[in-house]
Amino acid sequence: MTRITQWMQVVSTLRQLGGIATLSQLNRALLSPGGDATDWKTKTPEATIRRIVRNTPDHIHPLKPGLYCLREFATKYEEQYSLSQEGDAPKKVEERNHWYYQGLLIEIGKARNYKTYIPAQDKNHTFGNQRLGDVCDITRLPNFGYQNFLRRARTVDVIWFNRRSMPEKMFEVEMSTDMLNSLTKFNELRDFYTQLKIVAPAPRRDHFSDRIEMDTFHEIRNRVKFMGIDELECKYARGRW
């Protein structure tokens with residue numbers, strides 16, 4: 001009789017999730033009541049799952065830090081998610097990555113006990129094996145200000161709200177488009193005590209620096225921070241939330 005090992009249970013759960021899942025999605029499935037990992041005799045099951053997905057290359061393929069698929073589906077999903085170093089990926093690949101980074105920001109925000117928001121038009125986009133709308137908390141903004149502010153905030157890619165339903169942090173994911181639009185949004189929302197971040201591939205830092213130095217943005221120049229997607233991926237994959 002074959003002994004069912006922990007890595008077999010992780011592979012089986014990944015298959016049940018459709019063959020692709022984020023680390024958090026795997027953790028929830030394995031650690032929820034009835035999940036296979038609830039019987040593991042370890043005090044750190046999340047660390048065990050993280051070790052297994054990283055060290056079972058014959059069965060599990062790492063698509064991106066924090067995103068995994070079954071080895072048999074590697075070619076299919078690599079085509080959907082692989083970004084070239086030159087930044088000239090097909091539009092569909094850029095869009096799927098954009099949604100992926102929105103999802104990471106949502107999950108990190110939820111882990112930090114924020115209420116997470118994405119625009120309603122993004123709710124049906126794919127994040128791992130789920131819809132973004134099923135991952136975030138809300139797709140309708142709390143009434144935290146005048147309507148002209150709300151109209152602008154409604155289009156921000158990800159917002160973390162605090163317990164008072166005020167925007168604590170705002171994120172714009174910028175894979176390839178001009179950052180002027182995102183910075184203009186932030187500029188119009190500058191009167192709120194909110195942290196503002198542009199999340200983009202590291203090579204786009206120069207583009208960010210060029211745009212933020214424009215005189216139009218002098219009031220938010222020291223408030224808007226740049227975060228490379230590699231930094232975001234590492235924080236997520238290592239559980240440093």
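The values are calculated or read from the model by the stated rules, or taken from the named source; none is laboratory data. Please read all numbers here as calculations on a predicted model, not as lab measurements. Every residue, glycine as well, gets a Cβ built from its backbone with ideal geometry; the counts of neighbours run over all protein chains shown.
Are any of the residues in segment 50-67 over 25 Å from residue 15 (Cα atoms) and of a type outside the set (A, V, I, L, M)? The answer is no, given that none of the residues of segment 50-67 is over 25 Å from residue 15 (Cα atoms) and of a type outside the set (A, V, I, L, M). Being at positive phi and in a helix (DSSP H, G or I) is the filter here; which residues of segment 1-31 pass it? None - no residue of segment 1-31 is at positive phi and in a helix (DSSP H, G or I), so the list stays empty.
For residue 34, the conditions (1) assigned to a loop (DSSP other than H, G, I, E, B); (2) surrounded by 14 or more Cβ atoms within 10 Å (Cβ to Cβ) all hold with the exception of (2). Looking across segment 121-159 at every residue that is touching a residue at least 40 places away in the same chain (Cβ under 8 Å) and in a strand (DSSP E or B), the one that is surrounded by the fewest Cβ atoms within 10 Å (Cβ to Cβ) is identified as 130. Close contacts from segment 49-71, counting a first residue that is under 27 Å from residue 102 (Cβ atoms) and in contact (Cβ under 8 Å) with a residue 24 or more places away in the chain and a second that is of a type in the set (S, T, N, Q) and surrounded by 18 or more Cβ atoms within 10 Å (Cβ to Cβ), with Cβ to Cβ under 7 Å and a gap of 6+ residues or different chains, come to 49/27; 52/6; 66/22; 67/22.
For segment 99-115, a residue qualifies if it is buried (at least 23 other Cβ atoms within 10 Å of the Cβ) and polar (S, T, N, Q), and exactly one does: 102. Give the number of residues within segment 37-61 that are surrounded by 15 or more Cβ atoms within 10 Å (Cβ to Cβ) and either modelled with pLDDT of 95 or more or of a type outside the set (D, E, K, R) (or both). The total comes to 11. Residue count for segment 41-83 satisfying the condition of being touching a Ser or Thr at 6+ places or on another chain (Cβ under 6 Å) and not in a strand (DSSP E or B): 3.
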